[in-house]
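Taken together, the values in this text are just the output of simple stated rules run on the coordinates, not laboratory data. Since the structure is predicted, the reported quantities are computational estimates derived from the model, not experimental observations. Virtual Cβ from ideal backbone geometry, glycine too; neighbours counted across all protein chains shown.
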Amino acid sequence: MEKNERLRLYDAAITRWGVGAQKNMAYEEIGELLTALARDDRGRATTEDLLTELADVTIMCEQMAYILGFDDYEKELDRKLIRLRDEKLKR
């Protein structure tokens with residue numbers, strides 16, 4: 001799904017359920033990812049489990065970015081990636 005379509009979908013979800021509900025859903029999805037990661041450490045999660053939870057968290061994080069300003073989020077993401085490239089990987 002292309003970026004503009006995702007943003008329209010996020011707008012619709014936030015309009016329907018509200019910022020508070022989507023924020024609470026983000027907490028829930030992050031918790032589920034943490035649980036899946038812990039289960040993976042114990043050999044009790046599949047790659048599919050991890051990918052499913054990672055996708056859910058990504059969707060919720062993008063919704064939070066949409067709420068806060070997606071263009072600003074993308075600028076900050078680029079800044080962090082450049083820093084990772086320039087500072088962390090050159091050591």
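Taking the Cα centre of the range 3-88 as reference, the dipole from Cβ charges on Lys and Arg (+1) and Asp and Glu (-1) amounts to some 120 debye.
Quotient of the Cα radius of gyration of the range 3-88 and 2.2 N^0.38 Å, N being its number of residues: 1.26. Applying both filters, DSSP loop and at most 12 other Cβ atoms within 10 Å, to the trypsin sites (Lys or Arg not before Pro) of the range 51-86 eliminates every site.
For the chain, the mean residue ellipticity at 222 nm estimated from helices alone is -27500 deg cm²/dmol, where every DSSP H run of n ≥ 4 contributes -39500 (n - 2.57) and the total is divided by all residues, rounded to the nearest 500. Annotation note: GluC sites (Glu not before Pro) in the chain located in DSSP loop regions with a Cβ neighbour count of at most 16 within 10 Å are 2. Amide H contacts of residue 45 (H built 1.01 Å from N, in plane; Pro and chain starts excluded): 40 sit under 5 Å, all sequence-distant by 5 or more or on other chains.
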